[in-house]
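These notes concern the structure reproduced below.
The values are calculated or read from the model by the stated rules, or taken from the named source; none is laboratory data. Small disclaimer: the values here were computed from a predicted structure and weren't measured. Glycine also receives a Cβ, built like all others from the backbone with ideal geometry; neighbour counts cover every protein chain displayed.
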Amino acid sequence: MMRIYRLALFLLPRAVRERHGAEMAAVFEQLIVEERQKGRRAAARAAQRELASLLCFAWHARRGRLPRAHRDESRLTWPTTAERSHPMRDLLFQDVRYAARLLVRTPGVTAACVVTMAMAIGANTAVFSLVHGVLLRPLPFPNEDRLVVLGQYTAGDEVGVSSTTPGNFFDWQARTTAFEAMAAFASTQRIVERGDRAERVLGALSVGSLFEVLQRTAAEGRVLTAADDVAGGPGIVVLAGGFARQWFGDAQAVGQLLRIGGVPYTVVGVMPADFAFPDYDTQYWIPARFDAEFRQNRDQFFLRGVARRSSGADLDQVLAQMHGVMDGIRREHPQATANATATVVPLRMFVVDDAGPRLWMLLGGVVLVLVIACANIANLLLARSTIRRREMAVRQALGARSTRLFRQMLTESLLLAAIGGAAGIAVGHVLLSALLGWMPTDLPRAEGVSLDAMVLGVTALVALACGVAFGTWPALQLSHGQMTDAVRSGARETGRRDPVRSVLVVVQVALSLTLLAGAGLLTRSLTNLMDVRPGFEPAGVLSFTVSLPTAVYREPDARYAFFTRALDRLQALPGVMSADASSTLPVAGRGVGAWFNQLDRPLPPTQTPPAVPYRVITPGYFTTLGIPVLEGRGLTEEDGLPGRRAVVISQAVARRFWPGESAVGASIYLGAPDNRLFPDAEIVGVVGDVKQTALDEATSEAVYIPHRLMAGWPSMSFVLRTPIEPTSLATAARTVLREIDPAVPVHDVRAAQEIVDRSLSPARSSVYLLGLFAVMALTLAVIGVFGVLSFLVAQRRAELAIRVAIGASSRAVQWLVLRQGLRQVGIGLALGLLLTVALARSFESLLFNVAPADPLTLTAVSLLFAAAAALAVWIPSRRATRVDPSAVLREG
Amino acid sequence: MPDYPRRDRAERLLPLTEPVFHILLSLSDQDLHGYAIIQDIRARTGGDVDLTASTLYAAIKRLLEGQLIKEVRRAAADDPRRRYYQITALGLEVARRETARLERTLRLARQKRLISGKA
């Protein structure tokens, strides 16, 4: 309470505050202490009374007058000493006061404007916070614009920054000059243990001087350096700030021991809380420590380079140099790199990934809402200004200059904008927390999104710009209008029509139709996505992943034995119909791939074989997940035994490599000729395609390898089919695995349906949000149409009354109004459709199986809009027919 | 401020508002700080006149400007935020005249038998 009073003291003029402020605060404190003895309520009442009295004192002291209660005391000091003597400020104060009075006098219009502004500014503030926090905010590295991620792109493989091999990376590092420093990283998931706590945690391998490239130092201890990345040294690790707190609390983490992947590591440093690389989920960094042989490897694609451009080298120069280096590598190692090109992507783009288009689209959506809101408010103000024409004319006739009147009018709209903007920030604050809840969980950099000073500044500017935008035209019109006409016309308004108002309505209709169409197209996309069959039956399946610490389970046989035993035990659980496992779950990610080699069609050594994703599975996998065997057979227990090397391929692989013929019976091997995953194997069957990364992926290639053939696979995802609710099996499954080995954590326990649903979440949140904005736009536009027509009817009452008096039927009168409204809506719809087709191309990448100009969607939203608009036009037109000519004509 | 003779100046300031009159009354026989003035007035009027901090200091500001009261130093041990006020000769004069004016008004009311007592 004391704090509020002290703050309120700042309302007093400075001289008064300096002279009496401290005393007043002391008195207030004593009064409250005294009242508190009577109870909290008494104290609250006293505080309230004191604050009200203070406000009164401040208001009057600033105006150089005493409040009514003390007015007589002014005689004590006649002539009164004024606290202010700034003519410009006085004038502004006067303008603001006048504007405030006017806003209070027309509460309906004011409330409508403020609410409209608050919603539009609020939506903009929230979405802009996201765009700023995710896309625009600099990364937490000095000169981050010079940081790039290096990767390679192999023709025929997926597009985007793809990882590279140690051999290529070390060649880049040695042969380029356009970088100040270059390092590499790779994400890794390992089991972290301390005491009896064991969790699978995402970390990163640091190759070379990662932290030197990023130019960040540790908050405690030290970072990893190039000298740490030498094979054979003791295990050391640097932890993320949050992770260190989670595991060590307030205790000093540096110097402590952690087991990572079964190997002891000493913590040498803790990073500051804002440090995140490559993303917020990465919790630790360990030196990669490749041995000399592995540094030459050219068929293990898992590294990404990160480098700092020299200040003189721009992105094009860097790319040109990388291409030159890559040409050399290609000549030296033709088979491994024949189709490969180097890619250089700014780090920020790499971090933001594919969130950009979606966020920009949302921002586009809310900006449209804001424009529509401004048009709406401009319309309201124009309507009001028509009523005030006489007032302005009289003021002008009495000698007010038009610049003064213009300023006065603009002050009004700016005041409205300021109030609306302030309310908008409050709305934005609420909306932002809701937005963060709705956005997909994998939105990059979402952790750092907030309503910060930058966002507030932009919001203030936008609100100001809105005030100018919706205030200028009415102000100009009023201050420079033909005032003498207005005076002469008397109290009765002329029926003059303002083309600007019609234009505003057309603009509103056009823009909101565009938004509505955008939302419609995204909805169609989402329903199309939901109709996509993932290629397996996710319902009734529980999935979870178990990763073995490789340092403990060193031998392939030990790993195979663990998983086989786990499957046997899980199979025996009540409620489990079948239990199987795979190295990678469907829709959960691309997983790993390898070069695909057909024995009967060998490639020349100068050509790189195409890479195809593969999965290591247990024999019953196809049955448990309901993946159909289309040709040949599935896998059996015997497949993978010596002399029985068999694999199954997906239909997409069969189509690609054996177009028009049967793949069954052919033999393949995966990997480089001198580094095969397994010796060659026979294709014994073709199964249906299963979506691997997302529901909208174009092809779903996969080679299924029996577990027995790759028995050393250290991490398997289990799938349990059950007739009961899948997640109800989770506890039993965990218990089984804990009984086998308590040190092996189970993670990502969820229903398979959830994995499928999660892949829809970006599309779903876009639909919800754009849909919300579209509804806002539609509402505003309909209110706009309604408002303008209602006003028009009111303005033309006399004319309509005369028409009725001389015999026009009510139908004819209604049609007169309807026609005008419908014409505006019609033009708006046509323009909106054109705009939609033009804009939809820009977010084509977000659409799935829907053309940007999908006729069905466009027709549907046009009809929806027309229906809403028809209602908005109908009501005022009905009112027009109820004009009572005798009453209206008597008024004149 | 124009320098009127004290008598005239005092006359020009009448009538006083209730808060101002009570503040002058409180200070007529002792020097007090703000909170003590509020308490003194409340006790004397049985709670009928209860000033807020703002009303008090709005009045004190004017009284200081009009030189009816002045600030005086007090014991160092006291709360440093507290300031003590003392009535000036002009203040005393104004208070006396206001009392006389009220007395005249009261007498008129008695003559009209609005209240009982000796006219």
B:GLY34 being out of contact with any strand residue (DSSP E or B) (no Cβ under 6 Å at 6 or more places or on another chain), at pLDDT below 90 and small (Gly, Ala, Ser): no
The stretch A:139-164, subset assigned to a strand (DSSP E or B) and modelled with pLDDT of 80 or more, residue nearest to A:ASP274 (Cα to Cα): A:LEU147
Breaking point among (1) more than 30 Å from A:ASP696 (Cβ to Cβ); (2) touching a residue at least 40 places away in the same chain (Cβ under 8 Å), for A:ALA561: (2)
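Criterion first (surrounded by fewer than 20 Cβ atoms within 10 Å (Cβ to Cβ), of a type in the set (S, T, N, Q) and under 21 Å from A:PRO745 (Cβ atoms)) does A:GLN246 satisfy it? Reasoning before the result, please.
Details: surrounded by fewer than 20 Cβ atoms within 10 Å (Cβ to Cβ): yes; of a type in the set (S, T, N, Q): yes; under 21 Å from A:PRO745 (Cβ atoms): yes.
Spelling it out, A:GLN246 is indeed surrounded by fewer than 20 Cβ atoms within 10 Å (Cβ to Cβ), of a type in the set (S, T, N, Q) and under 21 Å from A:PRO745 (Cβ atoms).
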Odd one out for A:SER525 among (1) polar (S, T, N, Q); (2) buried (at least 18 other Cβ atoms within 10 Å of the Cβ); (3) farther than 30 Å from A:LEU382 by Cβ; (4) out of contact with any Asp or Glu (no Cβ under 9 Å at 6 or more places or on another chain): (4)
Within the stretch B:68-100, tally of residues that are more than 13 Å from chain A (Cβ to nearest Cβ) and over 16 Å from B:LEU27 (Cα atoms): 4
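Look at the stretch A:681-700 and say how many of its residues are charged (D, E, K, R) and touching a Lys or Arg at 6+ places or on another chain (Cβ under 7 Å). Walk me through it before giving the result.
So in the stretch A:681-700, the residues charged (D, E, K, R) come out as A:682, A:689, A:691, A:696-697.
Narrowing further to those that are touching a Lys or Arg at 6+ places or on another chain (Cβ under 7 Å): A:682, A:697.
So the answer is 2.
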Answer from A:ALA698, A:ALA702 - the residue that is surrounded by 22 or more Cβ atoms within 10 Å (Cβ to Cβ) and either within 35 Å of the chain's Cα centre (by Cα) or at pLDDT below 85 (or both): A:ALA702
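Kindly indicate whether any position in the stretch A:133-148 is touching a Gly at 6+ places or on another chain (Cβ under 9 Å), closer than 20 Å to A:GLN321 by Cα and not polar (S, T, N, Q).
Initially, the stretch A:133-148 is screened for residues touching a Gly at 6+ places or on another chain (Cβ under 9 Å), giving A:133-135, A:137, A:140, A:148.
Those left that are additionally closer than 20 Å to A:GLN321 by Cα: A:148.
From the residues that got through so far, the ones that are not polar (S, T, N, Q) too are A:148.
For the stretch A:133-148, residues touching a Gly at 6+ places or on another chain (Cβ under 9 Å), closer than 20 Å to A:GLN321 by Cα and not polar (S, T, N, Q): present.
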Any hit, the stretch A:755-778, residues being touching a strand residue (DSSP E or B) at 6+ places or on another chain (Cβ under 9 Å), crowded, with 17+ Cβ neighbours inside 10 Å and in a helix (DSSP H, G or I): yes
The one condition in (1) aliphatic (A, V, I, L, M); (2) at pLDDT 90 or above; (3) buried (at least 17 other Cβ atoms within 10 Å of the Cβ) that A:ALA320 fails to fulfil: (3)
Some residue of the stretch A:166-184 being under 28 Å from A:GLN252 (Cα atoms) and either touching a His at 6+ places or on another chain (Cβ under 6 Å) or buried (at least 18 other Cβ atoms within 10 Å of the Cβ) (or both): no
Condition broken by A:ARG395, with the remaining ones in (1) part of a helix (DSSP H, G or I); (2) in contact (Cβ under 8 Å) with a residue 60 or more places away in the chain satisfied: (2)
Subset tally (residues that are surrounded by 15 or more Cβ atoms within 10 Å (Cβ to Cβ) and either more than 21 Å from B:GLY47 (Cβ to Cβ) or within 11 Å of chain B (Cβ to nearest Cβ) (or both)) for the stretch A:36-54: 7
Which numbered condition A:ALA82 fails, given (1) within 13 Å of chain B (Cβ to nearest Cβ); (2) out of contact with any helix residue (DSSP H, G or I) (no Cβ under 8 Å at 6 or more places or on another chain); (3) modelled with pLDDT of 80 or more: (3)
Residue tally, condition modelled with pLDDT under 90 and either in a strand (DSSP E or B) or under 21 Å from A:PRO549 (Cβ atoms) (or both), over the stretch A:264-290: 1
Residue match in the stretch B:91-102 (condition: surrounded by 15 or more Cβ atoms within 10 Å (Cβ to Cβ), within 26 Å of A:GLU29 (Cβ to Cβ) and basic (Lys, Arg)): no
Near pairs, Cβ below 6 angstrom, 6+ apart or cross-chain, from the stretch A:185-207 (farther than 14 Å from A:ALA276 by Cα) to any residue that is basic (Lys, Arg): A:GLN189/A:ARG200; A:ILE191/A:ARG200; A:GLU193/A:ARG259
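Counting only residues that are buried (at least 17 other Cβ atoms within 10 Å of the Cβ) and not basic (Lys, Arg), how many does the stretch A:427-446 have? Before you say what the answer is, go through the steps one by one.
Step one: list which residues in the stretch A:427-446 are buried (at least 17 other Cβ atoms within 10 Å of the Cβ), which gives A:427-428, A:431-432, A:435-436, A:439-440, A:443-446.
Subset that is not basic (Lys, Arg): A:427-428, A:431-432, A:435-436, A:439-440, A:443-444, A:446.
Summing the residues that are buried (at least 17 other Cβ atoms within 10 Å of the Cβ) and not basic (Lys, Arg) in the stretch A:427-446 gives 11.
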Residue match in the stretch A:411-425 (condition: over 33 Å from the mean Cα position of the chain (by Cα) and either surrounded by 21 or more Cβ atoms within 10 Å (Cβ to Cβ) or at negative phi (or both)): yes
Residue in the stretch A:570-586 that is in a strand (DSSP E or B), under 43 Å from the mean Cα position of the chain (by Cα) and hydrophobic (A, V, I, L, M, F, W, C) present: yes
Test: A:GLY643 is at positive phi, surrounded by fewer than 22 Cβ atoms within 10 Å (Cβ to Cβ) and in contact (Cβ under 8 Å) with a residue 12 or more places away in the chain: no
Failed condition for A:ALA558, given (1) in a helix (DSSP H, G or I); (2) within 15 Å of A:ALA733 (Cβ to Cβ): (2)
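Of a type in the set (D, E, K, R) and surrounded by 18 or more Cβ atoms within 10 Å (Cβ to Cβ): does that describe A:ARG190?
yes
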Some residue of the stretch A:826-839 being within 27 Å of A:VAL115 (Cβ to Cβ) and over 38 Å from the mean Cα position of the chain (by Cα): no
Pair list, Cβ < 9 Å and 6+ apart or interchain, from the stretch A:2-29 residues that are within 9 Å of chain B (Cβ to nearest Cβ) and under 20 Å from A:ALA46 (Cβ atoms) to residues that are outside any helix (DSSP H, G or I) and acidic (Asp, Glu): A:ALA26/B:ASP79
Scan of the stretch A:588-610 for residues that are aliphatic (A, V, I, L, M), in contact with a Phe, Trp or Tyr (Cβ under 9 Å, 6 or more places away or on another chain) and within 23 Å of A:GLN189 (Cα to Cα), ordered by number: A:VAL592, A:ALA594
Residue that is modelled with the highest pLDDT [pool: residues in the stretch B:1-17 that are more than 11 Å from chain A (Cβ to nearest Cβ) and assigned to a loop (DSSP other than H, G, I, E, B)]: B:PRO5
All positions within the stretch B:33-67 that are at the interface with another protein chain (Cβ under 7 Å from one of its Cβ atoms) and not in a helix (DSSP H, G or I): B:THR52, B:GLY66
